[in-house]
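Student: One structure, pasted below without further comment.
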Amino acid sequence: MNSEKIRTAADATEPQVRRPSRRSILRAGAAITAASALSVAASGALAHAADGMEETVTYDAIIVGAGYAGITAARDLARQGLRVMLLEARGRVGGRTWTDTFAGHAVEMGGTWVDPATQPHVGAELNRYGIGLVEDAAPERTFLPTPSGPQEFSPAQGFGQLGLTYERIFEGSTQYFERPFEPLYRSDLITAKDKLSLRDRLNQMALTPEEELLVNGQTAVYSGGSSSTGALTMLAHWWALSGHNNTGWNNTMRYRIAGGTAALVNAMLSEAQPTLRLNTPVSQISQGSSGYYYVTTRTGRTYHSRGVILAVPVNVWKNIKFSPSLPAAQTTATTQGIAVKTGTKLWINARSPQGRFYAQGKEGGSPITMVIPDKPTAEGNLFIAFSTDPNLDPNNVTQVRSAIQQLGADLDIVSIKAHRWGSDEFAGGGWAFRKPGQLTSLYPAVTQPSGRLAFASGDIANGWSGYIDGAIESGKRAAQHIAANV
Ligand SMILES: Cc1cc2nc3c(=O)[nH]c(=O)nc-3n(C[C@H](O)[C@H](O)[C@H](O)COP(=O)(O)OP(=O)(O)OC[C@H]3O[C@@H](n4cnc5c(N)ncnc54)[C@H](O)[C@@H]3O)c2cc1C
């Protein structure tokens with residue numbers, strides 16, 4: 001880990017490499033601590049505060065992307081005394097987790113629920129920083145689709161029935177996902193299962209019309225709009241990770257991080273103290289003949305390092321130019337995409353004559369497929385809704401109300417705050433949901449580093465892909481590789 005000046009033919013125009021002064025390191029560190037103690041959105045000032053220094057330094061690792069995966073990697077490398085730079089395209093950290101405010105409450109615009117009982121990586125981080133959990137209040141009423149239209153069920157009846165149907169769909173998962181954190185452990189059984197879409201599986205089962213309608217709204221929304229595009233092995237993997245049972249499954253949407261997802265990400269960032277640049281999209285990553293990496297931003301600034309961790313969503317890897325090119329599995333993954341491309345999350349503040357209800361639609365029905373009650377507000381109640389319909393304008397109160405009415409419920413909407421993750425250029429999609437064949441064709445290669453370029457993303461975890469836990473897992477794995485090789 002020496003910091004000698006590096007000059008190669010490829011980088012003849014690069015600035016001279018020198019160590020920053022102790023004073024400038026302390027100044028940058030102090031700026032980071034202050035910024036991360038504030039709201040993550042306000043930390044844009046940090047990039048400006050430290051500007052003009054780091055381009056002359058060779059870092060042990062440059063991490064591209066400051067979501068949970070990148071920040072975990074930064075923290076783990078910093079703990080080993082390595083010099084880390086974190087480059088983030090947005091004016092905030094957190095990526096697809098984003099604690100914002102709406103109707104007087106902190107709200108999560110992306111990833112939200114965690115369950116330390118089944119998600120070991122998030123559990124370890126919460127313990128490390130002494131951060132607790134907040135439990136959601138259960139819904140009072142449930143509206144579900146039936147062959148004669150939406151009907152009300154008691155929550156126990158509705159979720160109980162749903163769980164029984166899931167148990168049938170995932171029959172055999174204790175064998176084919178015998179070790180859920182080693183998804184290919186039973187490759188002898190997984191290969192055939194991985195060819196199936198969720199639609200194939202529903203068709204195989206010859207469900208009654210009641211059972212079909214009960215689950216196909218969920219299988220469709222998780223898959224990004226159609227049960228035909230999502231793999232059976234993706235949902236079955238989550239089921240297996242939840243303990244192969246309905247209680248564990250329901251608990252994945254029951255607990256939140258006290259203080260929001262930002263509380264944990266800020267705690268990790270405060271410990272890591274990396275050199276952080278916000279508002280800095282990376283456009284190119286090249287390896288020079290010396291073996292060093294050159295990471296170039298959209299504004300044309302180049303930073304150097306011995307190793308790189310690519311911690312941006314798989315769907316947007318293709319927006320960065322790589323030299324040499326990405327390996328085959330990573331190229332295929334970003335070309336096909338892993339995260340759903342149309343995921344939209346809405347927060348709705350509304351007067352609700354039906355109280356705190358949960359409502360779910362059928363596949364191909366309402367543009368909103370799921371509505372979940374949240375906290376009371378001055379006007380009524382907050383509701384979370386999910387849509388995968390690109391034609392829904394999530395900020396249009398009339399469209400959103402009509403979509404909810406199609407679920408058999410109603411809301412007198414006061415205001416909406418929504419984020420379309422699919423059209424977010426630094427996400428390129430919402431939650432990860434693999435397509436049929438992706439598990440067996442891309443894994444394990446898609447998780448493997450190429451030289452000292454390592455890949456970290458919640459989209460390619462061995463365990464909880466599509467979850468915060470998976471992002472942390474992947475960040476730890478990438479950091480281990482870099483620490484051992486720079
Ligand atoms: C609507 C929604 C609901 C979800 N619900 C849950 C849930 O309840 N529980 C749960 O555990 N998980 C949930 N998830 C999934 C979870 O949020 C993600 O798996 C996790 O946050 C991914 O973390 P990451 O670090 O891999 O990627 P990201 O969080 O996407 O971080 C990647 C970072 O890279 C940055 N970036 C992109 N391009 C560039 C570039 N060119 N240069 C520099 N930086 C760049 C991005 O701005 C971003 O900050 C949900 C996701 C969504 C979208």
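Student: On a 0 to 90 degree scale, rounded to 10, what angle separates helix 468-485 from the longest Cα axis of the chain?
Tutor: With rounding to tens, the tilt is 20 degrees.
Student: Over segment 205-325, what is the percentage of antiparallel beta bridges among all DSSP beta bridges, to the nearest 5?
Tutor: Details: 9 of 12 bridges.
For segment 205-325, the DSSP antiparallel bridge percentage is about 75.
Student: Please work out the FRET efficiency for the pair E210 and A445, using the Cβ-Cβ distance as r and a Förster radius of 41 Å; give the result to the nearest 0.05.
Tutor: Given R0 = 41 Å and the Cβ-Cβ separation, E is 0.45.
Student: In sequence order, what are the phi-derived ³J(HN,Hα) couplings for segment 405-420 according to the Karplus relation 6.51 cos²θ - 1.76 cosθ + 1.60 with θ = phi - 60°, rounded to whole Hz, with x for glycine and proline?
Tutor: 3J(HN,Hα) across segment 405-420, in whole Hz: 4, 5, 8, x, 10, 8, 9, 8, 7, 8, 7, 9, 10, 9, 9, 8.
Student: What does the C-alpha gyration tensor say about the overall shape of segment 80-216? Classify as rounded when a/c is under 1.5, otherwise prolate if a/b is larger than b/c, or oblate.
Tutor: On the way: a/c = 2.22, a/b = 1.33, b/c = 1.67.
It is oblate, given that a/c is not under 1.5 and a/b is not larger than b/c.
Student: Would you mind checking the tilt of helix 155-169 against the longest principal axis of the Cα atoms of the chain, expressed as 0 to 90 degrees and rounded to 10?
Tutor: It is inclined by approximately 70 degrees.
Student: A follow-up question, please. Once you put a point 7 Å from the Cα of A106 and another 7 Å from the Cα of Q157, both along the Cβ direction, what distance in nm separates them?
Tutor: Distance between label points: 3.8 nm.
Student: Here's a follow-up. Roughly what would the spin-label model give for N396 and N203, points 7 Å off Cα along C-beta, in nm?
Tutor: 3.3 nm
Student: Extension gain T296-N245, at 0.36 nm per residue separation less the Cα-Cα distance, in nm? Could the numbers behind the result be given before it?
Tutor: Values: separation 51, 0.36 × 51 = 18.36 nm, distance 4.68 nm.
This chain segment gains 13.7 nm when fully extended.
Student: Any chance you could give the angle, 0 to 90 degrees and rounded to 10, that helix 209-223 forms with the longest Cα principal axis of the chain?
Tutor: That works out to roughly 10 degrees.
Student: Identify all lysines with a Cα-Cα distance to K195 below 18 Å; exclude those on the same chain that are fewer than 8 residues away in sequence.
Tutor: Cross-link targets: K435.
Student: Further question: Assign unit charges at the C-beta atoms only (+1 for Lys and Arg, -1 for Asp and Glu), then state the dipole size of the chain relative to its Cα centre in Debye, rounded to the nearest 20.
Tutor: Numbers: 44 positive and 40 negative charges, 331 e Å.
The dipole of the chain has a size of about 1580 debye.
Student: Here's another thing I want to ask about it. Could you pull out the longest piece of the chain with no exposed loop GluC sites (Glu not before Pro) in it, calling a site exposed if DSSP puts it outside H, G, I, E, B and it has at most 14 other Cβ atoms within 10 Å?
Tutor: Numbers: sites that count: E4, E140, E171, E178, E425.
Longest site-free region, per DSSP loop and neighbour criteria: 179-424.
Student: Wrap a convex hull around the Cα atoms of the chain, take a quarter of its surface area, and give that in square nanometres.
Tutor: Details: hull surface 86.2 nm².
The Cα convex hull of the chain, projected and averaged over all directions, gives 21.5 nm².
Student: Rank these for me by crowding, L382, L207, going from fewest to most other beta carbons within 10 Å.
Tutor: Least crowded to most crowded, the residues run L207, L382.
Student: Another question, then. Tell me whether segment 441-486 comes out rounded, prolate or oblate; compute the Cα gyration tensor, take square roots of the eigenvalues as a ≥ b ≥ c, and use a/c under 1.5 as the rounded threshold.
Tutor: Numbers: a/c = 2.90, a/b = 1.42, b/c = 2.04.
Here segment 441-486 falls in the oblate category.
Student: S270 versus Q336, label points 7 Å from Cα toward the beta carbon: distance in nm?
Tutor: My value for the distance between the label points is 4.2 nm.
Student: Taking neighbour Cβ counts within 10 Å as the exposure measure, how do T112, T99 sort from fewest upward? Intermediate results must be reported in sequence, preceding the final value.
Tutor: Working: T112 21, T99 25.
Ordered from fewest to most neighbouring Cβ atoms within 10 Å, T112, T99 come out as T112, T99.
Student: I've got another one for you. To the nearest Å, what is the center-to-center distance of segment 265-308 and segment 391-457, using C-alpha atoms only?
Tutor: Between the Cα centres of segment 265-308 and segment 391-457 lies a distance of 26 Å.
Student: Just need the relative contact order of the chain here, percent rounded to a whole number, with Cα pairs under 8 Å and 6+ apart.
Tutor: On the way: 1097 pairs, mean separation 109.1, N = 486.
In percent, rounded to a whole number, it is 22.
Student: With 10 angstrom as the radius, rank R298, R92, R306 by how many other C-beta atoms surround their C-beta, starting from the fewest. Could you put the intermediate results ahead of the total?
Tutor: Numbers: R298 12, R92 20, R306 23.
The order, fewest Cβ neighbours first, is R298, R92, R306.
No value in this document is a laboratory result; all are computed from the given coordinates. This is a predicted model, so every value here is computed, not measured. Ideal geometry is used to build each Cβ from the backbone, glycine not excepted, and the neighbour counts take in all protein chains shown.
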